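The values are calculated or read from the model by the stated rules, or taken from the named source; none is laboratory data. All figures in this text were calculated on a predicted structure; none of them were measured in a lab. In this analysis, Cβ positions are derived from the backbone assuming ideal geometry, glycine residues included, and neighbour counts consider all displayed protein chains. Note: accessible area is taken over every heavy atom of the protein model, side chains too, but ligands, DNA and RNA are not part of it. Shrake-Rupley method; radii C 1.70, N 1.55, O 1.52, S 1.80 Å.
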Amino acid sequence: MDSEDDMHDANDVESMDDDEGFYSDEMGMDYYGSDDDIDVDFGEDNEGIKRIEASRAENNFIILKESDIKQRQEEDITSVSTVLSISRAASSILLRYYNWSVSEVHEAWFANEDKVRKTFGLLKKPVVQLPSSRELTCGICFEAFHRGSIRSAACGHPFCCACWEGYIRTSISDGPGCLILRCPDPSCGAAVGQDMIAMLVSDEDNRKYSRYLLRSYIEDNKKTKWCPAPGCEYAVNFVGDDENYDVSCLCSYGFCWNCTEEAHRPVDCGTVSKWIMKNSAESENMNWILANSKPCPKCKRPIEKNQGCMHMTCTPPCKFEFCWLCLGAWSDHGERTGGFYACNRYEAAKQEGVYDETERRREMAKNSLERYTHYYERWASNQLSRQKALADLHQMRTVHMEKLSDIQREPESQLKFITDAWQQIVECRRVLKWTYAYGYYLPEHEQAKRQFFEYLQGEAESGLERLHQCAEKELQQFLSADGPSKEFIDFHTKLAGLTGVTKNYFENLVSALENGLSDVDSQAACSGSSSKNGGSSKAKGGKGKGTSRVGGSSKNVDSTGMWTCEYCTYANSKHSTTCHMCHHQRR
């Protein structure tokens, strides 16, 4: 790495602000969380969740622990129960049906209370009047029981405790369907609430039912989802808009709220879905088979040519011998047909156009496979680099920071620029990875957009590689030093500067992709307008008059006063002396 060039790039921008996000204020999100986030203490009161809400309000999402979910659920049940003057069990039934939306429950209830009661089995009075005798007959086992051993839902249908227990236990064992349990009588739709279930079944079944009810609060709620990371028990409450779906859990896993895949800004969910589907589909296997094999003329099984000779022998039990080029029987070949490495029959048939379609299909499959492989290898490589950077970031925080602080005799707070650099590397690897999926689906015919995209991607990738090498390689000499080093100050300046430069490159890349590379269209429009106005001027006055430019020539300046960068074709303000996109000086 050329250290002088790196220092030049590093000094072009200021060091990153500690409180600033990776990209813009709109993003406003630390993907990997700080130690303060992880160490939040959740108590029985609201303090834990309030602190998380306060610290992440700008992120448009709130992380919920299990205790917070229970608290919110209880508050919603209590609210509905109080306002509608119904039992808590009935409140939970209504909330469950209305996806835990308190406002929708209130709206439906006050619009037509009788309809709501009838629909969800919340009866005002029993439909069956039980006799006043001391014994009653169970409606399931038809045995006579003492009145105290008979239980009924709001409908009044009598069943013994043993039958109730078996009915409820079976329903709980079948899964979350127990949350919409109705009276065992086939003709009755009366709801069976949690209060009755808690009274009749074992503690274990009660815990299962409560667990289903808790999970339904997240899974049925339109604004909450479980973190998809393996083993994570946090939930995320999304309170933002529809522009930025990226969220970050306290477990350090970042994902897209909309599709629950790994965070993939700036690539849209549709592109990510197609890319993941393509990576797992059989289509690429078929492309490989088509591009690298031919079917045996006898048994039709695909055969890969792994040696130089054109004499092919199919595997047992077929064992058919044929020519690789023309697929004819080898018994018809020999010196007269071109020998072992050529085939006159094939060449003659090819000139007659016999093999044109087959060769065309094979060539198309080969090109398609090579193109896909190009993008997939780079996508996968950046994923591996990101995983390695995550491990290095963890080791830096847990081991090297303390060691480096002792060696350089500086507090760890003064070394935060190192972890900032590693966080930037991790995030940039993620963005760069998904830009290759974006590039794969970028239409081939949009050459201007493709060139602009590849330029921005190349500049961002080049900056990232310089930053990664500086953080990974050049730091090692200070970790193995015996004492403080004067060169560490220069390293500080260089690493912080490279972090800022790389951040700036990726801001430009993210912004361009999120805008659909619209700068290319606007530049084309500006260029067209400039050409049109220039032609009109020349027609009227005999000479074309260029637009004047302050402090320089009129080269690359259009009629609107915008000047075009010679390196990236970005349209800049006439007052700018440096390209906003690639930062090259105006000429």
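In this structure, Gly148 does satisfy being exposed (fewer than 14 other Cβ atoms within 10 Å of the Cβ), out of contact with any helix residue (DSSP H, G or I) (no Cβ under 7 Å at 6 or more places or on another chain) and at negative phi.
Tallying residues that are within 25 Å of Leu214 (Cβ to Cβ), of a type in the set (D, E, K, R) and in contact (Cβ under 8 Å) with a residue 40 or more places away in the chain within the range 150-194 yields 1.
Here Ser173 qualifies as open to solvent by 70 Å² or more (accessible area, probe 1.4 Å) and in a helix (DSSP H, G or I).
Screening Ala448, Ala460, Ala512, Ala525 for residues that are open to solvent by 50 Å² or more (accessible area, probe 1.4 Å) and either modelled with pLDDT of 85 or more or outside any helix (DSSP H, G or I) (or both) leaves exactly one candidate, Ala448. Of all residues in the range 92-134, those that are more than 16 Å from Pro184 (Cα to Cα) and out of contact with any helix residue (DSSP H, G or I) (no Cβ under 7 Å at 6 or more places or on another chain) total 20. For the structure I just gave you, tell me whether Gly139 is in a loop (DSSP other than H, G, I, E, B), of a type outside the set (A, V, I, L, M, F, W, C) and under 25 Å from Ser85 (Cβ atoms). Here the answer is no, as Gly139 does not meet what is asked.
Any residue in the range 151-170 that is outside any helix (DSSP H, G or I), closer than 25 Å to Ser103 by Cα and in contact with a Phe, Trp or Tyr (Cβ under 7 Å, 6 or more places away or on another chain)? Checked against the condition, which is being outside any helix (DSSP H, G or I), closer than 25 Å to Ser103 by Cα and in contact with a Phe, Trp or Tyr (Cβ under 7 Å, 6 or more places away or on another chain), the range 151-170 yields no hits at all.
Summed over the range 305-333, the residues that are part of a strand (DSSP E or B) and either exposed (fewer than 13 other Cβ atoms within 10 Å of the Cβ) or acidic (Asp, Glu) (or both) give a count of 1.
Kindly evaluate Tyr440 against the criterion of being open to solvent by 20 Å² or more (accessible area, probe 1.4 Å), of a type in the set (Ser, Thr, Tyr) and assigned to a helix (DSSP H, G or I).
Working: open to solvent by 20 Å² or more (accessible area, probe 1.4 Å): yes; of a type in the set (Ser, Thr, Tyr): yes; assigned to a helix (DSSP H, G or I): yes.
For Tyr440, the condition - open to solvent by 20 Å² or more (accessible area, probe 1.4 Å), of a type in the set (Ser, Thr, Tyr) and assigned to a helix (DSSP H, G or I) - is met.
I'd like to verify a number: residues in the range 209-233 that are under 22 Å from Arg96 (Cβ atoms) and open to solvent by 30 Å² or more (accessible area, probe 1.4 Å), how many? Looking only at that region, the number is 12. The selection criterion, being over 22 Å from Arg117 (Cα atoms), open to solvent by less than 60 Å² (accessible area, probe 1.4 Å), in contact with a helix residue (DSSP H, G or I) (Cβ under 6 Å, 6 or more places away or on another chain) and of a type in the set (A, V, I, L, M, F, W, C), holds for Leu200.
Selection over the range 407-445 of residues that are under 26 Å from the mean Cα position of the chain (by Cα) and in contact (Cβ under 8 Å) with a residue 12 or more places away in the chain gives a count of 23. Evaluated against (1) over 25 Å from the mean Cα position of the chain (by Cα); (2) closer than 14 Å to Gln424 by Cα, Glu507 falls short on exactly one condition, (1).
Scanning the range 479-502 for residues that are assigned to a helix (DSSP H, G or I) and either open to solvent by 20 Å² or more (accessible area, probe 1.4 Å) or among the β-branched types (Val, Ile, Thr) (or both) returns Glu487, Ile489, Asp490, His492, Thr493, Thr499, Val501, Thr502.
Starting from residues that are among the hydroxyl-bearing types (Ser, Thr, Tyr) and in contact (Cβ under 8 Å) with a residue 40 or more places away in the chain, keep the ones in the range 361-385 and report whichever is most open to solvent (accessible area, probe 1.4 Å).
Step one: list which residues in the range 361-385 are among the hydroxyl-bearing types (Ser, Thr, Tyr), which gives 368, 372-373, 375-376, 381, 385.
From what's left, in contact (Cβ under 8 Å) with a residue 40 or more places away in the chain: 368, 372, 375-376, 385.
Numbers: Ser368: 42, Tyr372: 21, Tyr375: 23, Tyr376: 85, Ser385: 38 Å².
Selected residue: Tyr376.
Filtering the range 124-145 to residues that are under 14 Å from Cys183 (Cβ atoms) and buried (at least 18 other Cβ atoms within 10 Å of the Cβ) leaves Cys138, Gly139.
Can you name the residue in the range 50-102 that is modelled with pLDDT of 90 or more and in a loop (DSSP other than H, G, I, E, B) and is also surrounded by the fewest Cβ atoms within 10 Å (Cβ to Cβ) among such residues? For the range 50-102, the residue satisfying everything is Ser85. Scanning the range 226-259 for residues that are part of a strand (DSSP E or B), out of contact with any Leu (no Cβ under 9 Å at 6 or more places or on another chain) and closer than 17 Å to Lys70 by Cβ turns up just one, Trp226. Would you check which residues across the range 176-194 are surrounded by fewer than 18 Cβ atoms within 10 Å (Cβ to Cβ) and part of a loop (DSSP other than H, G, I, E, B) and list them? Within the range 176-194, Pro186, Ser187, Gly189 qualify.
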